[in-house]
Structure formats: C-alpha cells, structure tokens
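Notes to accompany the following structure.
The values are calculated or read from the model by the stated rules, or taken from the named source; none is laboratory data. All values derive from a computational prediction rather than experimental measurement. No Cβ is skipped: glycine too gets one built from the backbone with ideal geometry, and neighbour counts run over all protein chains shown.
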Amino acid sequence: MENNSIQNILESLNYFTPELALMLTFFVLLLVDLFFRKSKYLLPAISLVGFIVSGYLLVYTPDVKGFLFSTGMTNIGLYVIDPFSFFFKILILLAMIYTILFSLSSKEINEAGGNRGEYYVLLSSFALGMFLLTSTIDLLLMYLSFELVSLSSYILAGFTRNVKRSAEASLKYIIFGAVASGAMLYGISILYGLTGTTNLYLINFYLSNQNIESLPLVIAGLLIIGGIGFKISMAPFHFWTPDVYEGAPITITAVLSVASKAAGFALLIRSLKIMFIDYTATNLQSSAWAILSQFKWNELIAGLAVLTMTLGNLAALWQSNLKRMLAYSSIAHAGYMLTGFVILDNQGIMAILIYFFIYLFMNLGAFFVVMLIADKLGSEEMEDYTGLGYKAPFLGVSLTIFLISLTGIPPTAGFVAKLYLFGALIKAKWIWLAVIGVLNSVISLYYYLKVVKNMFLRESEIEYSHNLGHGNLLITLSLLIPTLLFGIYFKPIIEFAEQSVRIFGF
Amino acid sequence: MIPLKYYLILSAAFFSIGIIGVLTRRNAIIIFMCIELMLNAVNLTLVSFSSFFGDSSGQIFVFFVMAVAAAEAAVGLAIIIALFRNKLTINVDEVNIFKW
Amino acid sequence: MTLEQITFIILALIGLTSALMLIIQKNPVYSVLLLILHFFALAGFYLLLNAQFIAVLQILVYAGAIMVLFVFVIMLLNLSNEEALKDPFNLRKIIASIFGVVLILQFGVFFFIKAKDDLNVTISPNSIEAGSIKKISEVLFSTYLIPFEVTSFILLVGIIAAIVLAKRKFE
C-alpha cells in the first residue's frame, strides 16, 4: 500500500506540469534576481516565459482527470483537472501576462528600485496559489492555497512601501483577510467534525447519506461563504476593497480585481456545487442546493448579490478618484456575477464564465489606460482629466470604450456578458433579480459617463501631450479589439464557456 | 472521561473572545494576537474532533494551520514595521480602517 | 471527580482568564505573556486529547517561535501604553461585545440543546495511535505530501515579505 501511494503521487505529477512550471519560474526568478539586479527587462521576460510555458503545458494536459494524489480509500485525491479549472487557469494566465506587461511601463513599479525582483517573484507565487485554488477538491489544500494567494497579495498591495497609503492599504488588507480566513477555517473545522473528512466529494457523500443536524451545517456553510466572499469582495465583506484598490500599485489593483476574483469564484462554485448537490435528484435545477434544503440558500445569495451591486454602484457615484471609482465598480460587477451563482445550474455557471472572460478585457483595459494617464499626470482625480479627450484622443477614446463596455451598452462585449447573465436569470424565473440587475446597470451608466463627459465635453487649459510608444499602443489595442470584437462576434466565447461548465464528477 | 461537547463549547468561547478582541482593540499588534487566538480556537476544535474520531487528518490540519499562522504573523508584523516607519503609529483608527 | 476532569477544569479556567485578560489588557507586553499562558493551556488540552505531537508543536512553534516574533516587534517599536479602552461608552465596543456574547450564547445553546446525544461521545481508543508522531508523519508524507510542499511556498513567501517590507532602505 505504501509503495502504491508513492506510485500514484509520482504519476499524478505528470498532470501537474503547469503548476510545476510556475514553481520553477518562482525559483528561477528568485535566483536570477540575486545575480542580475540591474537588468530591467530580464525578470519580466523570465516571468512571461514561465507563464507562457505553463499555458502551453496546460493546453497539452488531458481534459479530465480526477483523483490526483490519492492514496487509497480514505483519501480519494486532492486535485482534479477538468474543463472548468482549465477555463479559469487560462483566465488567470491571461490576467498575469497582462499584469507583467503593464508593470513594464508602470512608473510606480519601476521606481521601486532594488526590490523589483521580489515583485515578479511574488506575482508568480500569486499565480501558483490561484492555480491550486481553481482545481483543489480538498478543504486542507483549499485553505493552504487560499493563504498562499492571500499572503502574496498582502505584500504586493503594500509593495511600494515608501508610499504611505500603500502600507496602510496592506495593513487593512491583512487584518480583514486574516479574520476572514480564520472564520472560514472555523467553518471548515465544523464541517470536518460533521463528516470526518476533508474531501469535498466524501463530504457530499456523508452529508447525503447520514441524517445530519442542519444548524451546524448552515453555520459552517455561512462561515465558508463568508471567507470566500472576502476574496471576491461580496457585500458585507467588501470594506477592504476600495482602500486596498486605491492604495495598492495600479498593476496590482488590476490583477486583484480580475484574477483573484476569478479564483475566488472558481472556488466558490466548485466547493459549494460539489458539497451541497444532491446527485439522486432528477431535476438539475432543484438538485443544486438540495442538501441544504431547509435553508433557502439561493435567496440568501440573491439578497447578498443585490446588496453587493447596489452598494458598489451607489458608493461609486460619489467618488472623485478614478481608481477608487473603479474599485467600487468592481464590487458591483462581483454582485452581477453572484446573481449567476444563485442559479448554480449549468446555465448560471456558463453566464458567469462568459461574464468573467469579457470582464477580463474591459476591466484590465480601463485600469491600463488609467495607469498610463496617471503616470503622466501624477494624479488619479477625475477633475484633472478635464478636456483630456482632445489632448490625448487615442487614450480618451479607448477609456470611453472600456467604460461603455463596463456599463453594458451595445455594441461592446459588456452587453453580451450582461445579456447572457440576465437571460439565464429570466430563464430560471428569477425575474426580480434580473430587473434589479438592469436597474443597477442604469445607475452605473451615470458614473461611467461622468468620466467621459469630463474628458470630452469640458474645456481645459492643462498642458498634456502623450507619446504612447509602440509597446503601450499594442497592449491597449490588444485589450480594445477583444472588447469591441466580442460585442459583435461572440460565438467562440459562448462555445468555450459551454465546454467549460463541466465540473469533474458531473 | 470528558465528553466532546465541552471541548467544543470551550473552543467556541475562545473563538468568540478572539472576535471580540479584533472588533474592540485598536492596536494592530493586539489585533494580530486576537487573530492568533481565533486560529488556536480552531485548532482545539480540530484536535478534539480528530481524537474523538481516532483519525489523524485533523491533527495534520492543525500542523498546517500552525505553519500558515507563522507565515501570516511574519507578514503582518513586517507590514506593521513598515507602517510604523512611515507613520509612527500602529493605531488602526489613525489608519482609518473603517473609512467608507 | 477524576483527575482528568479536574485537570480539564483548571486548564479551562486558565485558558478563559488568559484570553479575556488579553483583550482587556492595555500593555501589549502583558498581552503577549498572557497569550503564551493561553498557548500552554491549549497544549495541556492537546495532551488530554492524546495528541502528543501537536502538544509539543504548540509549545515549540507557537509559544516558542511565533510569540518571540511578537515580543521582538513590540520591543523594536517601543510602544507606550495604548490609549484605547479609556472611554467605556464607545458605541462600537458595546456593539462588538454584545455581538460576542450573543455568539458565545449561540454556540452554547447549539452544543447543549441541539446536539444532545451526538456530542456526548468520549475519546476514541484509536486516538493514542492517531496522535503519535509515527502515524502523523506517515500520513503527512504520503497523503498530504502536496499540501506539505505548498506550505513550504507559504513560508518562503513569508520570508520574502519580511525582507521586502521591513528592510530599512532600498539600495
């Protein structure tokens, strides 16, 4: 038996290659940083190569493989590979690659001087943690990878240490984060006590076969949802978001708002779907939350989703700092995506996946343009953007397109994303939720257009001329074209998302 | 022999005390200590379940929680030092932690 | 009363008092010492639960390593006594305390009334074997090998964090 388990672990490593590539990148970066501190392009180049190699290996590992690292009956594995995790890993890699590209032209990062090496090292450990989060099926590995992601992001948020607000942001982030993960851990321990195992599939098995008191289960579920809700900045746990997003270097804000949110959603969907589904039910719609049937889970999540998007949108109305406004808008977007989670059947999950894929391009694009302008202007205040549309027409128009797409107006991709999400809601008879979602989008129109109005409809006398350079132009275009293209030709994303809703075991 | 429920109540009490501490105290170092209190309450729950099941995986979990707690404390204290150099305070009220 | 029960009660009293004193103590140095006392009480509980290895780790890692870190930082920053807790009628504190008491009551009710029979079980005879170093290391290095490796990354990130954030100056 002993030999057998080692054999299985060694075999499993063949399917673990994308993660191994990230680990290797981590160590190579750490070593290279030691010897070639001065070189500006070496470290980003190495991390880019690492991420691309990892993506290559990801594409060439098999589609579905369960029971990785399993050792006999009591432990049926810690890790799975399925189309669902593949989708999120691709999303995370894209976000990471864009972040590295952004960092190359970011003033904040380049001024960090000798510590730039650690920045790239931590980005790779961040990516590794998110990779593990998307396909773990064991509560222990889930907690550890959750902490790996969190710890890396705490440091990255406080990275530009000499900027005071960055250190403050970091402190806020770690206090909230540590409390949230402590609460989640308590939930995990209750769940372990109820079932005697940490594997999600085995937990499902025990929960559906034994008659378990529902109150502790509800408490455990709430605590776990709360812990993950912190990561995706769900409503009662969103307090850290604006401060951290404003205080962190803008490249990190961008990656936090896309990649770490994606990993959080992947974890939320996978863990709750596996744990609380009733396999014996015939109707997919009713089986979703079946084990917790005494408690109206989807109504609770629906309420939280409404709270999240409304709070995010209403608070965004009053912001004068563009970065802070985008932070609130990202809270609101988390709320929209949570509505898809309410349904939790394939339609709902597919809508979330489509939304995320499009959100990646439009949100990263908005952050990138804001970063370019802020580096030049030295300010993120909306007032300073007055008349910018005429001084820097390309950036102005791109920012406008990204913001319009975030609102969800056709012909941009944001419209397609919202269409599928609200369509899925209506199909599942959650019409009031869809109506609230649409109303919220209308509110968001106001603050997004306020920026546009400032840039184009008001005269100003500021001196501003922007020489973008070819690199930045290309990066902007590579984000702009998908945002426009997917608004008209969205079939490939739909197909990709359709294939990716398959979670192992379903 | 002591029934399981006494251990669970005790650890729930420790956990709650930790949460009260996090909510009431303003000194960042003490907040971190209260977080350690919460994590230890969880550890007590895990160890007691593990012993009552006669299964080691709960104790393995505690082992990992300890490692993570060490890393988290190191990061947290490093952030506190960085902040203190900038601001000469570690009172979270002056950091405006609950600012909207 | 058996010896085990007496030990349990004493340890519970030590644990509760030290935890409560910790959160109302003004001087962070005393808080650290109380927290160490609390950890020793927990180590006692682990011994009662036949988890010898975890009990040893509790003393070595928590009371030994982590708390030394806290003491170092407090000494390094040279903090004076905290001004907080002087105003007893702070609304947030009242709300927080009410919340905490409700939480404790809720857990108490839940464990005493709701789950009367299930939780009256006593310790399993297998627990002596389950808590031994042999068994734990066996499971740790076969079943939980990957989590173990991930932990090494977490610790490495912690080290990098300490260097990046606490180093005095960028060269």
Review point. Looking only at segment C:39-55, which residues are in contact (Cβ under 8 Å) with a residue 12 or more places away in the chain, more than 7 Å from every other protein chain (Cβ to nearest Cβ) and not aromatic (Phe, Trp, Tyr)?
Key: C:Ala41, C:Ala43, C:Gly44, C:Leu48, C:Gln52, C:Ala55
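What helices (runs of 4 or more DSSP H) completely inside segment A:192-274 contain at least 3 residues that are within 30 Å of A:Ser103 (Cα to Cα)? Spell out how you get there, then give the answer.
Working: elements: A:200-209, A:214-231, A:240-247, A:250-255.
Helices (runs of 4 or more DSSP H) meeting the threshold: A:214-231, A:240-247, A:250-255.
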Review point. Identify, please: which residue in segment A:4-34 is in contact with a strand residue (DSSP E or B) (Cβ under 9 Å, 6 or more places away or on another chain) and within 9 Å of chain C (Cβ to nearest Cβ) and is, among those, nearest to A:Val49 (Cα to Cα)?
Key: A:Phe16
Study note, to complete from the structure: When B:Glu36 is run through (1) closer than 28 Å to A:Ala167 by Cβ; (2) more than 7 Å from every other protein chain (Cβ to nearest Cβ); (3) modelled with pLDDT of 90 or more, the failure sits at (2)
Check your understanding: Looking at (1) surrounded by fewer than 21 Cβ atoms within 10 Å (Cβ to Cβ); (2) modelled with pLDDT of 85 or more, which is the only condition A:Thr74 fails?
Key -> (2)
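Here is a yes/no grid of residues against (1) within 7 Å of chain C (Cβ to nearest Cβ); (2) among the aliphatic types (A, V, I, L, M); (3) part of a helix (DSSP H, G or I); (4) surrounded by fewer than 24 Cβ atoms within 10 Å (Cβ to Cβ):
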position	(1), (2), (3), (4)
A:Tyr120	no, no, yes, no
A:Ser124	no, no, yes, no
A:Ala127	no, yes, yes, no
A:Leu133	no, yes, yes, no
A:Phe146	no, no, yes, no
A:Leu151	yes, yes, yes, no
A:Ile155	yes, yes, yes, no
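Just to verify a result, which residue in segment A:99-118, among those that are in a helix (DSSP H, G or I) and among the charged types (D, E, K, R), is surrounded by the fewest Cβ atoms within 10 Å (Cβ to Cβ)?
As a first pass, look at segment A:99-118 and keep what is in a helix (DSSP H, G or I): A:99-105, A:107-110, A:113-118.
From what is left, the residues that are among the charged types (D, E, K, R) are A:107-108, A:116, A:118.
Details: A:Lys107: 15, A:Glu108: 19, A:Arg116: 21, A:Glu118: 23.
Going through the qualifying residues, I end up with A:Lys107.
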Practice item. Identify the residue in segment A:182-199 that is among the hydroxyl-bearing types (Ser, Thr, Tyr) and at the interface with chain B (Cβ under 8 Å from one of its Cβ atoms) and, among all such residues, is surrounded by the most Cβ atoms within 10 Å (Cβ to Cβ). Key: A:Ser189
Exercise for review: Give the residues of segment B:50-92 that are more than 8 Å from chain C (Cβ to nearest Cβ) and at pLDDT 85 or above, sorted by residue number.
Suggested key: B:Gly58, B:Phe61, B:Val65, B:Gly76
Practice item. Filter segment A:299-336 for residues that are over 18 Å from the mean Cα position of the chain (by Cα), assigned to a helix (DSSP H, G or I) and either surrounded by fewer than 19 Cβ atoms within 10 Å (Cβ to Cβ) or among the charged types (D, E, K, R) (or both) and give the result. Key: A:Glu299, A:Leu300, A:Gly303, A:Leu307, A:Thr310, A:Leu311, A:Leu314, A:Leu317
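Rundown of residues vs (1) within 25 Å of A:Ile90 (Cα to Cα); (2) more than 24 Å from the chain's Cα centre (by Cα), yes/no style:
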{"site": "A:Ile9", "(1), (2)": "yes, yes"}
{"site": "A:Glu19", "(1), (2)": "yes, no"}
{"site": "A:Leu24", "(1), (2)": "yes, no"}
{"site": "A:Leu31", "(1), (2)": "no, yes"}
{"site": "A:Leu34", "(1), (2)": "no, yes"}
{"site": "A:Tyr41", "(1), (2)": "yes, yes"}
{"site": "A:Tyr56", "(1), (2)": "yes, no"}
Exercise for review: Give the number of residues within segment A:172-181 that are free of Cβ contacts under 8 Å to residues at least 40 places away in the same chain and either buried (at least 24 other Cβ atoms within 10 Å of the Cβ) or within 24 Å of A:Leu68 (Cα to Cα) (or both).
Suggested key: 2
Practice item. Go through segment A:275-293 residue by residue and tally those that are modelled with pLDDT under 75 and either under 30 Å from A:Ile100 (Cα atoms) or among the aromatic types (Phe, Trp, Tyr) (or both). Key: 2
Point to revise | Criterion (within 7 Å of another protein chain (Cβ to nearest Cβ), in contact with a helix residue (DSSP H, G or I) (Cβ under 9 Å, 6 or more places away or on another chain) and at pLDDT 90 or above) met by exactly one of B:Val22, B:Val42, B:Val95 | key: B:Val42
